[in-house]
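Peer 1: Handing you this structure, nothing more for now.
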Amino acid sequence: MNRVHGVVSGRVQGVGFRYFTFTTAISNHITGWVRNCSDGTVEFEAQGQESDLNHFLTLIEKGQFPAKVTNLKTDSIEVDLREGKFKILN
């Protein structure tokens, strides 16, 4: 089990990117959260099995039209075994 903190830059607000991240997480068995930041980026924490997490991150880095991802920065963080789902935060 692995967990990452990520920040996505580009045209990622006002284009459904948080919902795309949510549905991508659910379909890849990922728990965690996603939210918009005041600087125009999208921040998330994602946790899952290494192969599932890697696939999730590959899809997030590609994005989905009309979003345009220009950068994805991730750092490994401590696993949260109490977490049971993925959610969109305000």
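Peer 1: Can you list, largest first and rounded to whole Å, the semi-axes you get for the chain by taking the square root of 5 times each eigenvalue of its Cα gyration tensor?
Peer 2: 20, 13, 12
Peer 1: Over the chain, what is the percentage of antiparallel beta bridges among all DSSP beta bridges, to the nearest 5?
Peer 2: 90
Peer 1: Helix 17-27 versus the longest principal axis of the chain: what angle, 0 to 90°, nearest 10, using Cα atoms?
Peer 2: Its long axis makes an angle of about 30 degrees.
Peer 1: For the chain, what is the mean residue ellipticity at 222 nm derived from helices alone (per DSSP H run of n ≥ 4: -39500 (n - 2.57); sum divided by total residues; nearest 500 deg cm²/dmol)?
Peer 2: -8500 deg cm²/dmol
Peer 1: Distance between Cα centroids, segment 21-40 to segment 65-84: provide it in whole Å.
Peer 2: Here the two parts' Cα centres lie 7 Å apart.
Peer 1: Which one, Ser38, Ser76, Ser51, has the greatest fluctuation when you compute a Gaussian network model over the chain with C-alpha springs under 10 angstrom?
Peer 2: Greatest mean-square fluctuation among the candidates belongs to Ser38.
Rule-based calculations on the coordinates, nothing more; no lab input. All values derive from a computational prediction rather than experimental measurement.
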